[in-house]
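Structure first, then comments.
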Amino acid sequence: MKEKALAQFFYKYALAYEALNHIVHFPDLKKKRMDKLQVGPDDGRVLELGCGTGVSSKIFNEKNVISIHLDINEKFVRYGKKKKRFINGVVGTAYNLCFPDRTFDKIIFADAFHHVLDHERLFQECNRVLKPGGTFIVFDIVHKISAPNVIINHFADGMIWILDRRAFESRVARLAAQNDFVKCDFSWTQEKTLVGIVFKGIDIQAKMIKAG
């Protein structure tokens, strides 16, 4: 199914994409909510999946994290580099990560889980490139109470999953168990931005540890 015209516009132009993000995440324009990810220089080598234009990637530089930032949109990666939000920006897909097995100590996937239509393939690839004992964090916004829990063609966001908390936790826990993750913990807080207020969204985080 072809994405709607407005969604195509937002993902074609980096400035339009950033404008949309500023509206959705207002008043947290600097994405301070990303501090919940608790990254630091002791994390080893970190992969940020779905980095977009790198608005939230600055946290890695601020905390001196050795990181690589990957997104499927070449224009977004180029724009992020231009703005010096990251240095090691890579264009690629989460379905076929362009890295050898056991490359990373931690993988962070923030605000993009709802964009991935094939979560099984995502988990398989993250499991492959993550070192034994490594950490995989999925951080996203979901509905607090109830949602259709299906894929829709959103007028501004394209093909996305609409998930509530229970569906997210059930899906992630199942995928973690099917791969090599021996621990999967969930935490959530009220989303205090426009999207959280209007759609009763919450920030939910799944922290998984790969078997050592």
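Any read-out appearing in this document is the output of simple, stated calculations on the displayed coordinates, not a laboratory observation. These figures come from a predicted structure and were not determined experimentally.
Taking the chain as a Gaussian network, Cα atoms linked when under 10 Å apart, which of Phe139, Phe109, Phe99 shows the biggest mean-square fluctuation?
Phe99
Determine the gain in length on full extension of the stretch Ala16-Ala211; use 0.36 nm per residue of separation and subtract their C-alpha separation, reporting nm with one decimal.
So the extension gain works out to 66.1 nm.
Along its principal axes, what span do the Cα atoms of the range 47-175 show, with the longest given first and each in whole Å?
For the range 47-175, the Cα spread along each principal axis is 39, 36, 26 Å.
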